[in-house]
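*Asks:* One structure, pasted below without further comment.
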Amino acid sequence: FFVDGLAQEVINGDDFEKLMPNTYKFFSKGTICTQAHSCSEWTYPSLATCVSGLDTLHHMMFHDKLDGELPKNSPTLIEYFKGKGYYTSKMDGEWRSIPSYGYARGLDQYVYQHQSMGARAEQEIMDVIEHLETFKETDQYLWMAVGDLHDVADGLDLSDAVQKNLTLEERELDELGVTSVKQNYSAKKTAMYKKTIQYFDMLFGFLYTYIENNYKNTEILISLFADHGQGYLVPSDKPFLSKERSHVAFMFRSSDLNPGCTDEIISSTDYLPVMCKLAGISQSDAPINGQLPKIFGGQTEREYAITESLHPGDPYCAVAHTRNFEIFFDNPIPADDEGRFTLGNYSVYGFFNSGEPITDSELLKKYEHIFISRIAMHIIYD
């Protein structure tokens, strides 16, 4: 279950059960990852990462106006399942994961309708139930995407069931026309967002009930994951790539998992290795950036996970997330259409989880080297 824009920062701790009681109940029987971070801050590069295991600098699907395609020398998650004999289907209205981007590879069935033209959560959930009922005796892999949470940023009319829980002040719209990733903090949109999450969870409750009534726990492997947070959740005094943008929902349910939460640092590049491991599928020797987290049987934990913003016409920036702190890298010079840029008077700074600034020069120097090494091939040298 791919949920466009579900920020982990909104469902941390007790807020998860409060806002999403059905989802909490369903996935508390599996593993809930509370420290998963997206490799990018918007859908197009983020989804490419999830299905390929490659970060933005390696799949290079980053341009908002020039279409790219998933690298053909790296198997996609869907191709892995197809290779194991599953009947593979994809149902969504997400316009950043269309067939021409490479998402049709390995699919037996692709049902696509743009979200605003009918592929709403209400319809998608019923279509999934119908699909599962139709192919009940078949080993199947099914990808479903819902993008209703994007309606808040896009200024679209929300469900009547959501609107009736909002005050008139909360229903006022601001920053219309501004692309979602660049929107500023908004208490009004935050309120709309939380109410939409609650409505979304109510709808998903029907699907969770159907699954539990029709399948044994040993017959299912289910994930719910997101691609990015929301710009309007980030306080105005915080860096662009703060957790409200980069910290994403990431949860799995399978009979092979011990129920509980993990605060292990996880990258969205790890989604493919996790799904392959839980499904008993061996990965090819094609190099990827993802690794199997220790909680799922991997050898070592990540020291950090990196989120970066590579966008034509915008300055490159990145952040390294660790258990105890975050370190940011900001370069002031915009990237070009090839994803390359001149290295300007960049800054490296960070904060501990407490909010206290990092003053350890050796620690900052260590991560500066990590950032520069990552982008070395993208720097324009005079």
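The values are calculated or read from the model by the stated rules, or taken from the named source; none is laboratory data. Computed from a prediction, not measured in an experiment: that's the story for all the values here. Using ideal geometry, Cβ is built from the backbone for each residue, glycine included, and neighbour counts are taken over all protein chains shown. Side chains included, ligands, DNA and RNA excluded: accessible areas come from the protein's heavy atoms. Shrake-Rupley method; radii C 1.70, N 1.55, O 1.52, S 1.80 Å.
*Asks:* Measure out, as a whole number of angstrom, how far apart the alpha-carbon centroids of region 257-317 and region 31-90 sit.
*Replies:* 11
*Asks:* Just the accessible area for Trp95, please: 1.4 Å probe, Å², rounded to the nearest 10?
*Replies:* Here the accessible area works out near 130 Å².
*Asks:* If you don't mind, there's one more thing I want to ask. Give, as a single signed number, the net charge of other residues whose beta carbon lies under 15 Å from the beta carbon of Gly344, with Lys and Arg counted +1 and Asp and Glu -1.
*Replies:* -4
*Asks:* Moving to a separate point now. Helix-only estimate, please: 222 nm mean residue ellipticity of the chain, summing -39500 (n - 2.57) across DSSP H runs of length 4 or more and dividing by its residues, to the nearest 500.
*Replies:* -8500 deg cm²/dmol
*Asks:* Tally up the carbon and sulfur contribution to the accessible surface of the chain as a whole percent, 1.4 Å probe, everything protein left in place.
*Replies:* 50
*Asks:* For Asp108 and Ile372, FRET efficiency with R0 = 35 Å and r from the beta-carbon atoms, rounded to 0.05?
*Replies:* Working from the Cβ atoms, E equals 0.20.
*Asks:* Related question: What number, in percent, do you get for the relative contact order of region 1-147 if the mean sequence gap of Cα pairs under 8 Å and at least 6 apart is divided by its residue count?
*Replies:* Computed value for region 1-147: 25 percent relative contact order.
*Asks:* Sequence gap at least 6, Cα distance under 8 Å: using those rules, report the relative contact order of region 330-382 to the nearest whole percent.
*Replies:* 35
*Asks:* Give me the dipole magnitude in Debye, nearest 20, for region 1-153 about the Cα centre, with unit charges on the beta carbon: positive for Lys and Arg, negative for Asp and Glu.
*Replies:* With Lys and Arg at +1 and Asp and Glu at -1, about 440 debye.
*Asks:* If I require 18 Å or longer along the helix axis, counting alpha carbons, and a Kyte-Doolittle average no lower than -0.5, what helices from the chain are left? Use full DSSP H segments.
*Replies:* TM-like helix candidates: 121-134, 187-214, 361-375.
*Asks:* Continuing with the same structure: In the neighborhood of Pro312, defined by Cβ-to-Cβ distances under 13 Å, what is the net charge if each Lys or Arg adds +1 and each Asp or Glu adds -1?
*Replies:* That works out to -3.
*Asks:* Under a straight-distance cross-link criterion of Cα-Cα below 24 Å, which lysines are reachable from Lys277, leaving out those fewer than 8 residues away in the same chain?
*Replies:* Within the straight-line limit of under 24 Å, Lys277 reaches these lysines: Lys25, Lys29, Lys72, Lys82, Lys84, Lys90, Lys136, Lys216, Lys294.
*Asks:* While we're on this one: Can you give the relative contact order of the chain as a percent, counting alpha carbon pairs under 8 Å and 6+ residues apart?
*Replies:* 24
*Asks:* Which peptide among 186-199, 207-220 comes first, and what is the full order, when sorted by highest mean count of other Cβ atoms within 10 Å?
*Replies:* Going by the mean number of other Cβ atoms within 10 Å, highest first, we get 186-199, 207-220.
*Asks:* If you don't mind, there's one more thing I want to ask. Highest mean first, what order results for 365-377, 272-284 on Cβ atoms within 10 Å?
*Replies:* The packing order, highest mean first, is 272-284, 365-377.
*Asks:* Cβ under 13 Å from Ala286's Cβ, Ala286 left aside: what net charge do those residues give with Lys, Arg +1 and Asp, Glu -1?
*Replies:* Here the count lands on -1.
*Asks:* Something else about it: Using the C-alpha atoms of the chain, what convex hull volume per residue, in cubic angstrom, is computed?
*Replies:* It comes to 141 Å³ per residue, whole-number rounded.
*Asks:* Given Cβ point charges of +1 (Lys, Arg) and -1 (Asp, Glu) and nothing else, what value in debye, to the nearest 20, does the dipole of the chain about its Cα centre take?
*Replies:* I would put it at about 700 debye.
*Asks:* What dipole magnitude, in Debye to the nearest 20, does region 227-297 give about its Cα centre under +1 on Lys/Arg Cβ and -1 on Asp/Glu Cβ?
*Replies:* 60
*Asks:* Taking only the alpha-carbon atoms of region 247-382, what semi-axes of the equivalent ellipsoid follow from 5 times the gyration tensor eigenvalues under a square root, in whole Å, largest first?
*Replies:* 31, 20, 12
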